[in-house]
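Visitor: Handing you this structure, nothing more for now.
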Amino acid sequence: MEHTSVRELLDASFIGKSAIAKGWVRTKRGNKNVAFIALNDGSIIHNLQLVVDPSQFSEELLKSIGTGACIRAKGNIVASQGSGQGTEMQVQELLVYGEADAETYPLQKKGHTLEFLREIAHLRPRTNTFGAVLRIRHHLAFAIHKYFNDRNFFYLHSPIITGSDAEGAGEMFHVTNFDLNAIPKDAENKIDYTQDFFGKETNLTVSGQLEGELAAMALGKIYTFGPTFRAENSNTPRHLAEFWMIEPEVAFNEIEDNMDLAEDMLKYLVKYALDHCKDDVEFLNNMYDKELLGRLQHVVDVPFKRLTYTEAITILEPNSKKFEFKVEWGTDLQKEHENYLVDHFKGPVILTDYPKHIKAFYMKQNDDGKTVRAMDVLFPWIGEIIGGSQREENYDKLLQRVKEMGIHEEDLWWYLETRKFGTCPHAGFGLGFERLVLFVTGMNNIRDVIPFPRTPKNAEF
């Protein structure tokens, strides 16, 4: 007989049926007359209670079933006599797949700090917290694909290995097959990349945007969803060295269209989580953040406030004494400034028209010569969750910005050529997936919303 998930067995429709359940023991309690085993298989945050008559099984078998053990149980599903669950299983057969030594199993029935659980990332998915986070992460990833597919976007697999730096920050991981103990040098004693695997200097991508723009020039509407990498020596609760990005690019869209798409997508994703992850979100709301459900619903319900960077500065400057970092026109906004704006408007904010000198080379320049059609979406607590822009479609202006920023023109010849052959207005943005999961789960550290976090000096598991 096929086994049935705990999620299904908790439904009243299974009452009166025989079933097989498989999973891991969360707790076991009881006496000489009856034993109660809480079984979880990851399909839902709730456990299935197994009711066991000790007289029907050997003492050795029952002793081997402790917290963390993996077991198979067969029995009848009945209406539960206890509170908190609708069904339970009256067990007829038990099989232990794998024991868990009670003295060494790290996840005993007690509270564990999130810092401790990061040290045992191979086991933390078995906890209620990380089971909930990972299920929500799955549903959000599915919702992203569904959102774009239902709107006739095409999914583009942008390269992970690249010879360009889309952000121009230079914080990239190098890719090479050189023997690091015998790196070849040229006549000027510089690394001779012509002898490397790709014949040139290559890196792990920081963004699929540039390649996405190329595809949008042919397919109209595309999105990427893949891993990206930043060799940034940062240990803040909002930064990872390896993370996932969603980057739509749309031909003929301008900045207003870009803002509309970003707002509509974010509202859709948050509502999808509320509709499909109700039990997990409620658990995290009760366990970690009592305001989580209200904050999520607020994002779905309220229009995002839209204003320019210059308008934002006029709000921030009179309150500069409240901030650690100086704020004036021309400075890049810090998280404290972003949070102030979100609090000021009591909801998400979209900022546009930033000074061009603090933004990337590819952003479309405004007629004032000082600002570009950039767009950042600011969320409660998270700060910036989306960064995007209308792209510069004018070849001469784009080439001038490349030169101004000291970018090697020959490295981006293919990108520049799209402005020569059938150029058109287009726009796009990048959504940091982990920041979205962070917002939806209410967790405080981005290391706790990705299965195996990669941060400075940490590549365990």
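Visitor: Put a dot 7 Å past each Cα toward the Cβ at residue 287 and residue 5; how far apart are the dots in nm?
Guide: If labels sit at residue 5 and residue 287, their model points lie 1.8 nm apart.
Visitor: What number comes out for accessible area per residue over region 230-282 if the probe is 1.4 Å? Units Å², please.
Guide: Numbers: 2260 Å² over 53 residues.
Value for region 230-282: 43 Å² per residue.
Visitor: Another one. If you put +1 on each Lys and Arg Cβ and -1 on each Asp and Glu Cβ, how big is the dipole of the chain around its Cα centre, in Debye rounded to 20? Write out the running numbers ahead of the final one.
Guide: On the way: 52 positive and 67 negative charges, 318 e Å.
It comes to approximately 1520 debye.
Visitor: OK, next. In region 1-90, what percent of the accessible surface is made up of carbon and sulfur (1.4 Å probe, ligands and nucleic acids excluded)? Let's see the in-between values first.
Guide: Numbers: 2130 of 4560 Å².
Answer for region 1-90: carbon and sulfur cover 47 percent of the accessible area.
Visitor: Residue farthest toward the positive end of the dipole of the chain, with Cβ of Lys/Arg at +1 and Asp/Glu at -1: which of 366, 388, 345?
Guide: Going by the charge dipole, the pick is 345.
Visitor: Write down the accessible area per residue of region 355-461 in Å², having rolled a 1.4 Å probe over the full set of protein chains.
Guide: Values: 4170 Å² over 107 residues.
Spelled out: the 1.4 Å probe surface of region 355-461, per residue, equals 39 Å².
Visitor: Okay, moving on. Throw me the Rg/Rh for region 104-171, computed over C-alpha atoms with Kirkwood Rh, two decimals. Could you put the intermediate results ahead of the total?
Guide: Values: Rg = 18.8 Å, Rh = 15.9 Å.
For region 104-171, the value is 1.18.
Visitor: To continue, here is another question. Direction-averaged shadow area of the convex hull around the Cα atoms of region 1-160, nm²?
Guide: Details: hull surface 53.1 nm².
Spelled out: convex hull of the Cα atoms, projected over all directions, averaged, 13.3 nm².
Visitor: Past the 31 Å Cα-Cα mark, which pairs from 28/278; 322/356; 190/335; 17/146?
Guide: Working: 28/278 27 Å; 322/356 26 Å; 190/335 40 Å; 17/146 35 Å.
Flagged as over cut-off: 190/335; 17/146.
Visitor: At q = 0.18 Å⁻¹, what is the base-10 log of I(q)/I(0) for region 263-383 according to the Debye formula with one equal point scatterer per Cα and no solvent? Please give it to two decimals.
Guide: Each listed q maps to, in turn, -0.97.
Visitor: Would you mind telling me the share, in percent, of accessible area of region 306-422 contributed by carbon and sulfur at probe 1.4 angstrom? Mind dumping the intermediate values first?
Guide: Values: 2640 of 5490 Å².
With neighbouring chains kept in place, the figure for region 306-422 is 48 percent.
Visitor: Further question: Could you give the length gained on full extension between residue 188 and residue 271, defined as 0.36 nm per residue of separation minus the Cα-Cα distance, in nm? Could you put the intermediate results ahead of the total?
Guide: On the way: separation 83, 0.36 × 83 = 29.88 nm, distance 5.82 nm.
Stretched out fully, the residue 188 to residue 271 stretch lengthens by 24.1 nm.
Visitor: What number does region 19-104 give for Rg over Rh if you use C-alpha atoms and the Kirkwood radius? Show your work: numbers first, answer last.
Guide: Numbers: Rg = 12.0 Å, Rh = 12.9 Å.
Answer for region 19-104: 0.93.
Visitor: For the chain, just the Cα atoms, rotate onto the principal axes and tell me the three extents in Å, largest first.
Guide: 84, 58, 46
Visitor: For region 37-106 and region 197-211, compute the distance between their C-alpha centroids and round to whole Å.
Guide: 50 Å
Visitor: Something else now. For helix 395-404, report the angle its Cα long axis makes with the longest principal axis of the Cα atoms of the chain; keep it between 0 and 90° and round to the nearest 10°.
Guide: That helix lies at roughly 80 degrees to the long axis.
Visitor: For region 389-461 and region 316-361, what is the separation of their Cα centres, given in Å?
Guide: First find each Cα centre; the distance between them is then 20 Å.
Visitor: Can I ask one more? Cα convex hull of region 351-428: how many Å³ per residue?
Guide: Working: hull volume 7.7 nm³, N = 78.
In region 351-428, the Cα convex hull volume per residue is 99 Å³.
The values are calculated or read from the model by the stated rules, or taken from the named source; none is laboratory data. None of these values were measured; they are calculated from a predicted model. Backbone-built Cβ (ideal geometry, glycine too); neighbour counts: all protein chains shown. What goes into the accessible areas is simple: the full protein's heavy atoms, side chains included, and nothing from ligands, DNA or RNA. Shrake-Rupley method; radii C 1.70, N 1.55, O 1.52, S 1.80 Å.
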